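The values are calculated or read from the model by the stated rules, or taken from the named source; none is laboratory data. Note that the structure is predicted; figures quoted are calculated from it, not measured. Glycine gets a Cβ as well: all are built from the backbone with ideal geometry, and neighbour counts include every protein chain shown.
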Ligand code: NAD
Ligand code: DAU
């Protein structure tokens with residue numbers, strides 16, 4: 001039976017991955033999570049106690065990480081899946097410090113532990129390490145696109161990716177990497193674009209679009225990100241990087257209009273607000289390697305359907321997001337966003 005240590009397993013995507021693993025494998029999972037503002041105990045509720053253990057702790061705590069990774073050393077199929085990170089660009093502009101600590105030093109700490117114990121690692125990263133594409137550029141990011149990160153968040157993730165590759169090459173650490181595009185789905189924090197707009201409408205507030213809204217993101221449902229990470233963990237080539245995306249390019253303006261339409265509102269009933277500093281123009285993933293080498297296919301091929309289901313989920317889970325909403329909106333309002 002496989003044993004996994006999932007860092008950041010109480011976050012939006014990490015918790016989705018834990019559910020996915022329990023459903024599709026017989027693995028036992030330890031979640032290591034610092035339970036920052038971004039974590040949700042609720043997202044892990046009801047999971048079988050004989051298969052899931054939750055440890056509250058910091059991924060930068062070398063003693064703790066070393067002990068948890070050490071438990072996997074002799075386990076069949078023992079592996080670390082590293083999701084833990086500070087994840088929100090706007091927060092990284094307000095205060096980069098925790099991004100450098102968690103994303104760079106945290107990844108270093110995980111790498112030293114897997115090196116010491118000879119344990120397999122999958123490192124979860126983002127397409128933002130490649131910077132952005134021009135709006136008119138027909139190209140997409142591939143595994144060989146040069147790194148050109150724009151924000152403190154993406155620079156810290158780029159630093160982490162470089163550390164992983166160096167540990168593979170110099171120390172023979174058995175690691176794979178994935179760089180995924182923008183996720184959406186249940187349990188995403190209300191600071192992020194799609195949940196923010198859905199909950200603004202549900203709360204009777206206004207939908208907020210940064211700048212002109214021409215910026216393009218490549219949307220993928222979190223369930224599909226999880227199935228990709230599991231495929232890489234099970235069949236990926238050590239040392240390889242896989243780009244994860246589901247052909248979901250939409251401009252922010254299109255997304256805002258779709259959210260409003262699906263929620264029965266006038267699609268033009270939104271506000272243009274102060275743009276994000278250094279705002280990346282367009283992300284687009286070429287997932288050919290993942291599809292052809294590992295046979296991965298996304299389940300959510302209709303963004304409209306996935307978004308409609310996400311809206312239903314937020315409408316049914318106001319008890320979870322409402323306590324977080326006021327603080328997030330106050331911080332945005334202070335910046336004219
Ligand atoms: P999230 O912010 O929802 O969750 C991050 C989790 O990490 C939280 O549970 C938090 O408590 C935990 N954490 C933060 N600092 C920690 C620390 N020092 N020690 C231990 N745990 C800590 O983030 P997410 O959107 O689920 O992203 C998860 C991973 O996927 C990140 O590495 C992110 O870079 C990557 N990613 C995210 C997206 C996206 O669209 N959200 C896309 C591609 C890649
Ligand atoms: O591409 C992958 C990345 O996607 C991940 O690595 C990050 O962790 C994740 O947060 C996400 O980054 P973005 O910055 O693209 O996502 P965010 O949800 O913050 O914003 C999406 C787009 O919407 C972006 O162009 C900014 C814009 N936006 C955002 C907010 C919060 C708005 O127009 N209005 C808003 O209110």
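Just a few scattered comments:
- Across segment 254-270, a minimum of one residue is classified as over 23 Å from residue 144 (Cα atoms), within 14 Å of ligand 1 (Cβ to nearest atom) and in contact (Cβ under 8 Å) with a residue 12 or more places away in the chain.
- Picking from residues in segment 284-308 that are farther than 24 Å from residue 136 by Cα and without any contact (Cβ under 8 Å) to a residue 40 or more places away in the chain, the one that is surrounded by the fewest Cβ atoms within 10 Å (Cβ to Cβ) is 292.
- Test for residue 153: is it crowded, with 22+ Cβ neighbours inside 10 Å and within 30 Å of residue 260 (Cβ to Cβ): yes
- Complete set of residues in segment 27-50 that are assigned to a strand (DSSP E or B) and closer than 16 Å to residue 83 by Cβ: 29, 30, 31, 32, 33
- For residue 230, the conditions (1) under 19 Å from residue 122 (Cβ atoms); (2) surrounded by fewer than 18 Cβ atoms within 10 Å (Cβ to Cβ) all hold with the exception of (2).
- Qualifying residue in segment 215-231 (condition: in contact (Cβ under 8 Å) with a residue 24 or more places away in the chain and over 24 Å from residue 16 (Cα atoms)): yes
- Any hit, segment 185-194, residues being touching a strand residue (DSSP E or B) at 6+ places or on another chain (Cβ under 7 Å) and either surrounded by 24 or more Cβ atoms within 10 Å (Cβ to Cβ) or part of a helix (DSSP H, G or I) (or both): yes
- Boolean, residue 224 is closer than 30 Å to residue 123 by Cβ, within 22 Å of the chain's Cα centre (by Cα) and within 11 Å of ligand 2 (Cβ to nearest atom): no
- Any hit, segment 135-148, residues being within 12 Å of ligand 1 (Cβ to nearest atom), farther than 20 Å from residue 290 by Cα and either at pLDDT 95 or above or assigned to a loop (DSSP other than H, G, I, E, B) (or both): no
- Lone qualifier among 184, 210 - being within 9 Å of ligand 2 (Cβ to nearest atom), more than 19 Å from the chain's Cα centre (by Cα) and either within 14 Å of residue 256 (Cα to Cα) or touching a residue at least 12 places away in the same chain (Cβ under 8 Å) (or both): 210
- Taken over segment 302-335, residues that are within 15 Å of ligand 1 (Cβ to nearest atom) and touching a strand residue (DSSP E or B) at 6+ places or on another chain (Cβ under 9 Å) amount to 4.
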